[in-house]
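J.: The structure that follows is given in the form of structure tokens.
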Amino acid sequence: MTAAKGSQERVLPESMASVLARYERHLVSERDLTPHSVRAYLGDVAAMLEHASLLGHTDLSSLDIRTLRSWLAKQQTLGKARTTMARRATAVRVFTAWAHRMGLTHTDPGALLGTPKAHRVLPPALDQAEIIEVLAAAADAAGDDGPIGLRDVAILELLYATGIRVGELCGLDIDDVDRHRRVVRVFGKGRKERTVPFGLPCDRALETWLSAGRPHLVAPGAGAALFLGARGGRIDQRAVRAMVHRRIAEVPGAPDLGPHGLRHTAATHLLEGGADLRTVQELLGHASLATTQIYTHVSTDRLRAAYRQAHPRA
């Protein structure tokens, strides 16, 4: 029986496939995860269950830590990156914990499964001069690009001002923006709501887009969508990514970044400006402070590089 939706169908024993289908309903209905997150969780868990079935397991009751560890070791032999292995280990731990709570297993073998320590990779980001040049170039081109140009400026300003995810930006409605208080209401992962402030330059860009850009682009069916695509409907993530890459590429010497790069840029500049980790965690919507801490490595790395370049005895 097929066990997971994805690019590769896997055949599992009937009992395992049934549990996997039940787990999918849990992720969708109870945890309210995005379709992308659901696919990722199911793909990792299905791969583990397929490995277990090849070792002779026909249901969850016989699943043990030895099987989980052998599955994780197989990932390493296949050359999977540490970050991928860490993500898959986490997905399996979440699954076995759920199965134990539901009474589907007598123990929780995943609780004993360690996570391969991922190498910290410093995320690329624009420096302050580069982001100012990107925003200025987009603003200069807006007059020739019509409503699309005004939209692009507003999107770039909002992404940099708030550090929100591209999916969060595409889901915004007009009423989610409170220009009087200069805050935007964002629904993040798991539909968790947070409020993120933005500054005066972003407010001006939004005002121009809403008054002089959006009315000329909106099409029937767009509803209350804040940002629109070329055909007048709600803009999608692919269009935003393409636009951000294109606009940043117009600045000589700037690294090739997409919306997530602007999120990294916003976080880095907040910390470099003196914001504390907890504040940045709240603004970005990180569930764990550990996720936010990578940006301290970014700032420290840049500080060290500047020191080596400038100090005569570095």
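The values are calculated or read from the model by the stated rules, or taken from the named source; none is laboratory data. Computed from a prediction, not measured in an experiment: that's the story for all the values here. In this analysis, Cβ positions are derived from the backbone assuming ideal geometry, glycine residues included, and neighbour counts consider all displayed protein chains.
Residues checked against (1) assigned to a strand (DSSP E or B); (2) modelled with pLDDT under 95:
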residue	(1), (2)
LEU169	no, no
ASP175	no, no
VAL186	yes, yes
GLY190	no, yes
VAL196	yes, yes
CYS202	no, no
LEU206	no, no
SER211	no, no
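J.: Next question. Can you tell me which residue within region 1-58, out of those that are among the β-branched types (Val, Ile, Thr) and out of contact with any Phe, Trp or Tyr (no Cβ under 6 Å at 6 or more places or on another chain), is modelled with the lowest pLDDT?
T.: Per the criteria, the residue is THR2.
J.: Of everything in region 226-243 that's of a type in the set (Gly, Ala, Ser) and assigned to a helix (DSSP H, G or I), which residue is surrounded by the fewest Cβ atoms within 10 Å (Cβ to Cβ)?
T.: ALA242
J.: Sticking with this structure for a sec: Among the numbered criteria (1) free of Cβ contacts under 8 Å to residues at least 24 places away in the same chain; (2) in contact with a strand residue (DSSP E or B) (Cβ under 7 Å, 6 or more places away or on another chain), which one does GLY143 miss?
T.: (2)
J.: Are any residues in region 167-180 over 18 Å from PRO201 (Cβ atoms), touching a helix residue (DSSP H, G or I) at 6+ places or on another chain (Cβ under 8 Å) and surrounded by 20 or more Cβ atoms within 10 Å (Cβ to Cβ), and if so, which ones?
T.: CYS170
J.: Does at least one position in region 21-36 carry a residue that is under 23 Å from SER288 (Cα atoms), of a type in the set (Phe, Trp, Tyr), surrounded by 19 or more Cβ atoms within 10 Å (Cβ to Cβ) and in contact (Cβ under 8 Å) with a residue 40 or more places away in the chain?
T.: Looking through region 21-36, none of the residues is under 23 Å from SER288 (Cα atoms), of a type in the set (Phe, Trp, Tyr), surrounded by 19 or more Cβ atoms within 10 Å (Cβ to Cβ) and in contact (Cβ under 8 Å) with a residue 40 or more places away in the chain.
J.: Of the residues VAL153, VAL183, which is free of Cβ contacts under 8 Å to residues at least 60 places away in the same chain, closer than 18 Å to TRP209 by Cα, among the aliphatic types (A, V, I, L, M) and surrounded by 17 or more Cβ atoms within 10 Å (Cβ to Cβ)?
T.: It is VAL153.
J.: Of the residues ALA99, ALA73, ALA136, which single one is modelled with pLDDT of 90 or more and either over 26 Å from VAL38 (Cβ atoms) or of a type outside the set (Gly, Ala, Ser) (or both)?
T.: When all the criteria are applied, what remains is ALA136.
J.: Quick one: is GLY261 surrounded by fewer than 14 Cβ atoms within 10 Å (Cβ to Cβ), among the small types (Gly, Ala, Ser), closer than 15 Å to GLU133 by Cβ and out of contact with any Lys or Arg (no Cβ under 7 Å at 6 or more places or on another chain)?
T.: no
J.: Taking region 244-281, which residues are more than 16 Å from GLU168 (Cα to Cα), of a type outside the set (D, E, K, R) and part of a loop (DSSP other than H, G, I, E, B)?
T.: VAL251, PRO252, GLY253, ALA254, PRO255, LEU257, GLY273, GLY274, ALA275
J.: Let me ask you something else. What pairs can you find where one residue is in region 221-233 and free of Cβ contacts under 8 Å to residues at least 40 places away in the same chain and on the phi > 0 side of the Ramachandran plot, the other is outside any loop (DSSP other than H, G, I, E, B) and not hydroxyl-bearing (Ser, Thr, Tyr), and their Cβ atoms are less than 9 Å apart, with a gap of 6+ or different chains?
T.: Correct list of pairs: GLY221/ARG234; GLY232/LEU217.
J.: Would you mind stating whether ARG22 is over 17 Å from ARG101 (Cα atoms) and out of contact with any helix residue (DSSP H, G or I) (no Cβ under 8 Å at 6 or more places or on another chain)?
T.: For ARG22, the condition - over 17 Å from ARG101 (Cα atoms) and out of contact with any helix residue (DSSP H, G or I) (no Cβ under 8 Å at 6 or more places or on another chain) - is not met.
J.: Does LEU78 satisfy the condition of being over 24 Å from the mean Cα position of the chain (by Cα), surrounded by 18 or more Cβ atoms within 10 Å (Cβ to Cβ) and under 25 Å from VAL38 (Cβ atoms)?
T.: no
J.: Being more than 17 Å from the chain's Cα centre (by Cα) and of a type in the set (Lys, Arg) is the filter here, so list the residues in region 149-184 that pass it.
T.: Listed by number, the residues that qualify are ARG151, ARG179, ARG181, ARG182.
J.: Taking the stated definitions as given, is PRO220 over 24 Å from the mean Cα position of the chain (by Cα) and either in a helix (DSSP H, G or I) or buried (at least 21 other Cβ atoms within 10 Å of the Cβ) (or both)?
T.: No.
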